[in-house]
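Asker: Here you go, one structure.
The values are calculated or read from the model by the stated rules, or taken from the named source; none is laboratory data. Quick caveat: nothing in here was measured; it's all calculated off a predicted structure. Don't worry about glycine lacking a Cβ; one is built from the backbone with ideal geometry, like all the others, and counts go over all protein chains shown.
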């Protein structure tokens, strides 16, 4: 029968970020090694950290820790070094379950290009993507200003990962799997249309990575989702994004004046679009 374990820790001052990174690495290792159901880490209002870990059964958990010396790993040693006080763990047995993950309206398939892997974005990409959304220049033409913390990014990515009517891919290099460079996204609109978007870290720009990823996403939009029309909304002064959008084959359609009120003021929008070769007629099979 499914079981869960509650862990609770008081951390040494200033060790929170280090602890969370080590906890994430350790949790992923246990999940891959022993087929656990994963875990979530929470920070309480009192500053204590709680972890809720789920297992197929308590017996599976016990066998896993008997067979594998996880606490000899560096990530677990780091966790130990960050902890000031550890409280007794609590083992729980599931009796009723009304907590269900919301499934995406459309699955996000994994794709590969010459250099990249595109896979469903995750909220735990927050730390890797923090350089993208905390950079002032990178966020100048976004709908909001730079983000201040990894926790803020984690909350922001909830819609990208779980929101209705969107497919969002985290983009990573094949040579560095698990480290998201940015994302590309399809956002469903009415009448068989979708808006496209993208965001990448400054260190991933100027290398054709965004074009490579967005091209694969557009291929999915055209051949799998078979949208009638795709479009992008871009600030008139965002020359880099305009060049990318035009290179992807979207053409200029018009200007919406005063369309956005953002952290840099009221801004116009340039609309670029692509319409199916069938002259915009619905061509779903």
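Asker: Which of the residues spanning region 21-42 are touching a residue at least 24 places away in the same chain (Cβ under 8 Å) and touching a strand residue (DSSP E or B) at 6+ places or on another chain (Cβ under 7 Å)?
Answerer: Passing the criteria: 23, 27, 36, 37.
Asker: Return only the number of the condition from (1) out of contact with any helix residue (DSSP H, G or I) (no Cβ under 7 Å at 6 or more places or on another chain); (2) modelled with pLDDT of 95 or more; (3) closer than 30 Å to residue 56 by Cβ that residue 107 does not satisfy.
Answerer: The single condition residue 107 does not satisfy is (2).
Asker: Scan region 1-26 for residues that are within 18 Å of residue 92 (Cβ to Cβ) and modelled with pLDDT of 90 or more and jot them down.
Answerer: 4, 5, 6, 7, 8, 9, listed by residue number.
Asker: Among the residues of region 179-202 satisfying the criterion of being touching a helix residue (DSSP H, G or I) at 6+ places or on another chain (Cβ under 8 Å) and surrounded by fewer than 17 Cβ atoms within 10 Å (Cβ to Cβ), which is modelled with the lowest pLDDT?
Answerer: 179
Asker: Hey, does region 202-209 have a residue that's in the same structural domain as residue 116 (by TED's automatic domain parsing) and under 15 Å from residue 167 (Cα atoms)?
Answerer: no
Asker: Which condition breaks for residue 120 when tested against (1) in contact (Cβ under 8 Å) with a residue 60 or more places away in the chain; (2) surrounded by 15 or more Cβ atoms within 10 Å (Cβ to Cβ)?
Answerer: Here residue 120 meets the rest and fails (1).
Asker: Among the residues of region 221-232, are any surrounded by 19 or more Cβ atoms within 10 Å (Cβ to Cβ), under 24 Å from residue 130 (Cβ atoms), in contact with a strand residue (DSSP E or B) (Cβ under 8 Å, 6 or more places away or on another chain) and in the same structural domain as residue 119 (by TED's automatic domain parsing)?
Answerer: The answer is no; no qualifying residue exists.
Asker: Further, regarding this structure: Exactly one of these conditions fails for residue 47: (1) at positive phi; (2) touching a strand residue (DSSP E or B) at 6+ places or on another chain (Cβ under 6 Å). Give me its number.
Answerer: Status for residue 47: all satisfied but (2).
Asker: Out of all the residues in region 121-135, is one or more in contact with a helix residue (DSSP H, G or I) (Cβ under 8 Å, 6 or more places away or on another chain), in a loop (DSSP other than H, G, I, E, B), farther than 28 Å from residue 239 by Cα and assigned by TED's automatic domain parsing to the domain that holds residue 240?
Answerer: Yes: region 121-135 contains one or more residues that are in contact with a helix residue (DSSP H, G or I) (Cβ under 8 Å, 6 or more places away or on another chain), in a loop (DSSP other than H, G, I, E, B), farther than 28 Å from residue 239 by Cα and assigned by TED's automatic domain parsing to the domain that holds residue 240.
Asker: Please pick out the residue among 275, 234 that is closer than 23 Å to residue 206 by Cα and at pLDDT 95 or above.
Answerer: Sole residue among the options that is closer than 23 Å to residue 206 by Cα and at pLDDT 95 or above: 234.
Asker: Quick check, is residue 82 in contact (Cβ under 8 Å) with a residue 12 or more places away in the chain and under 29 Å from residue 227 (Cα atoms)? Steps first, answer last, please.
Answerer: Details: in contact (Cβ under 8 Å) with a residue 12 or more places away in the chain: yes; under 29 Å from residue 227 (Cα atoms): no.
Against the criterion (in contact (Cβ under 8 Å) with a residue 12 or more places away in the chain and under 29 Å from residue 227 (Cα atoms)), residue 82 does not qualify.
Yes/no per residue for (1) farther than 18 Å from residue 10 by Cα; (2) surrounded by 12 or more Cβ atoms within 10 Å (Cβ to Cβ); (3) modelled with pLDDT of 90 or more:
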| residue | (1), (2), (3) |
| --- | --- |
| 38 | yes, yes, no |
| 46 | no, no, yes |
| 52 | no, yes, yes |
| 56 | yes, yes, no |
| 60 | yes, yes, no |
| 71 | yes, yes, no |
| 85 | no, no, yes |
| 99 | yes, no, no |
